[in-house]
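The values are calculated or read from the model by the stated rules, or taken from the named source; none is laboratory data. It should be emphasised that the depicted structure is a prediction, and the values quoted were computed from it without experimental measurement. So basically every Cβ, Gly included, is an ideal-geometry build from the backbone, and we count neighbours across all protein chains shown.
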Amino acid sequence: MALICIRCYSGYMGMTAPFVRAVMATRLHDMVLTGLAAALGAWIAPLGSPLGGAVAGAVLVTMLRLVMPKGDWLWQGERLAMPPDTRRIAEDNTVLDRLPLPVLLLDAEGQVTFASAEAHTLLARDPVGEPVATVFRAPAILAAVDRVLTEGIDETVEFTALRPRRRYLRATVRSLEGKTRAVLTLADVSEVHRLDAMRMDFVANASHELRTPLAAITGMVETLQGPARDDTANRDRFLGIIGREAARMARLVDDLLSLSRIELQENVVPTAREDLRPIVAEAVSATASLASGNGNVLQVALGDGPLEVRGERDELLQVFYNLISNAIRYGGGDRPIDIMRTEQAEGWLAITVRDHGEGIEPSLVPRLTERFFRVNKRESISRGGTGLGLAIVKHILTRHRGELRISSTVGEGSAFTVRLPRA
């Protein structure tokens with residue numbers, strides 16, 4: 001009989017333990033709310049007496065708190081009734097879920113037991129419950145995880161992820177003690193790889209662009225010093241080639257230096273107020289002889305009123321000089337070039353340089369601002385182009401918090417629109 005009583009008591013205590021802990025977990029605002037409800041009930045006295053009204057108000061608030069999700073007394077009691085390890089793991093996972101980086105937790109078998117919200121976003125899936133070999137199909141990361149789980153050695157590796165799209169990821173795997181044996185953090189380093197590739201391409205292109213005229217100059221000098229030493233008939237022709245190639249090298253060096261200087265100041269926003277009207281007029285004047293020699297007529301239509309922006313005068317002059325020069329070189333001879341103001345949304349100014357040449361294939365338009373990109377390399381070199389003019393324009397406008405918009409139709413011409421915020 002005593003044994004039965006002890007079992008009944010134990011069962012009763014097990015059933016009531018969450019409620020007991022709930023009372024222990026009662027917060028100050030819960031008690032204040034219950035007291036106010038009891039006082040209101042006593043004042044209304046629906047049961048005919050102040051005591052009955054107070055009891056009714058307290059019971060009503062208690063019932064409401066019991067049915068409210070996440071924060072009621074019962075939930076607090078259940079939370080406290082959890083085993084300490086389970087409660088600690090739940091709290092740790094909540095912290096990891098709030099970190100601004102992708103985090104995965106792995107068990108001894110290499111299975112994902114937890115994935116943070118950032119990991120879900122990066123992987124575009126929920127990897128929990130899957131082996132790491134299913135989540136990442138890259139030998140480098142799988143080998144790193146295996147070494148961490150078997151030898152306890154921390155690893156950092158970079159690998160290529162193909163899903164949901166091709167990216168370069170850096171994984172840091174650290175060993176842990178307990179049920180969770182490893183923590184894996186991820187970083188998307190695709191942009192770093194892209195910039196490295198651009199830097200390598202830039203160095204290779206710059207070297208090639210400089211090597212070509214240098215080889216021509218060297219060849220002509222050797223010819224003049226050797227077989228053509230006394231060839232007065234061809235001497236002037238050779239010297240003319242040397243002069244053109246030297247000028248080409250000078251233009252290329254100047255553009256490289258300009259691009260480097262602009263990139264160094266790209267995050268420094270100009271503060272001076274400048275009127276675009278005299279700047280455009282100076283650019284037109286500077287290119288007038290080039291336009292005249294090519295048979296182009298520069299038609300300027302900027303309307304009335306000032307065109308004030310925040311900017312650096314020399315850089316803005318270079319923008320319009322480069323755009324007008326390009327229109328003259330590649331827009332065709334004996335054709336007009338329009339330099340006009342175009343309407344924009346409130347707070348913006350825009351000036352468009354439009355030619356009436358052959359136009360550009362739509363697929364090539366996005367690449368026009370790449371360094372050393374040319375639609376027709378032979379024609380560009382013959383016309384004195386360096387392949388850096390539009391790249392310089394893009395970087396200058398980025399520094400001025402503006403943008404370059406390009407539209408082109410094959411057979412009709414191209415339009416380059418400079419958009420800048422008003423001062």
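Count of region 343-386 residues, restricted to those that are exposed (fewer than 15 other Cβ atoms within 10 Å of the Cβ), modelled with pLDDT of 90 or more and more than 28 Å from the chain's Cα centre (by Cα), is 0. A single entry from G359, G295, G305, G332 fulfils the requirement of being at positive phi and without any contact (Cβ under 8 Å) to a residue 12 or more places away in the chain: G305. The residue that is surrounded by the most Cβ atoms within 10 Å (Cβ to Cβ), among those in region 158-209 that are closer than 16 Å to L106 by Cβ and among the charged types (D, E, K, R), is R181.
The residue of region 208-266 that is nearest to G385 (Cα to Cα), among those that are within 35 Å of the chain's Cα centre (by Cα) and polar (S, T, N, Q), is S258. When the residues of region 313-342 are filtered to those that are of a type in the set (V, I, T) and outside any strand (DSSP E or B), the one that is nearest to the chain's Cα centre (by Cα) is V319. Pairing residues of region 402-419 that are farther than 18 Å from F320 by Cβ with residues that are among the β-branched types (V, I, T) and in a loop (DSSP other than H, G, I, E, B), at Cβ distances under 7 Å and at least 6 apart in sequence or on separate chains, gives S408/I360. When you scan region 260-285, how many residues do you find that are modelled with pLDDT under 85, surrounded by 12 or more Cβ atoms within 10 Å (Cβ to Cβ) and assigned to a helix (DSSP H, G or I)? Residues that pass the stated criteria total 1. When the residues of region 190-238 are filtered to those that are hydrophobic (A, V, I, L, M, F, W, C) and in contact with a Leu (Cβ under 7 Å, 6 or more places away or on another chain), the one that is farthest from P100 (Cα to Cα) is F238. The set of residues in region 120-134 being surrounded by 18 or more Cβ atoms within 10 Å (Cβ to Cβ) and assigned to a loop (DSSP other than H, G, I, E, B) consists of P127 alone. When you look at T386, is it part of a loop (DSSP other than H, G, I, E, B) and β-branched (V, I, T), yes or no? Considered against the rule, which asks whether it is part of a loop (DSSP other than H, G, I, E, B) and β-branched (V, I, T), T386 comes out as yes. Taking region 186-236 as the range and being closer than 30 Å to F114 by Cα and either among the basic types (K, R) or in contact with a helix residue (DSSP H, G or I) (Cβ under 9 Å, 6 or more places away or on another chain) (or both) as the test, the residues that pass are L186, D188. Within region 170-189, the residues that satisfy the criterion of being in contact (Cβ under 8 Å) with a residue 24 or more places away in the chain and closer than 15 Å to P102 by Cα are A171, V173, R174, A182, V183, L184, T185, L186, A187, D188, V189. If the Cβ limit is 8 Å and pairs must be 6+ apart or interchain, which residue in region 133-157 that is under 15 Å from A108 (Cβ atoms) pairs with which residue that is assigned to a helix (DSSP H, G or I)? Filtered contacts from region 133-157: A133/L142; V145/V132. Evaluating M340 against the criteria (1) surrounded by fewer than 18 Cβ atoms within 10 Å (Cβ to Cβ); (2) touching a Ser or Thr at 6+ places or on another chain (Cβ under 9 Å); (3) under 20 Å from L388 (Cα atoms) leaves one unmet condition, (3). For Y330, the conditions (1) more than 20 Å from H208 (Cβ to Cβ); (2) surrounded by 18 or more Cβ atoms within 10 Å (Cβ to Cβ); (3) in contact with an Asp or Glu (Cβ under 9 Å, 6 or more places away or on another chain); (4) modelled with pLDDT of 90 or more all hold with the exception of (4).
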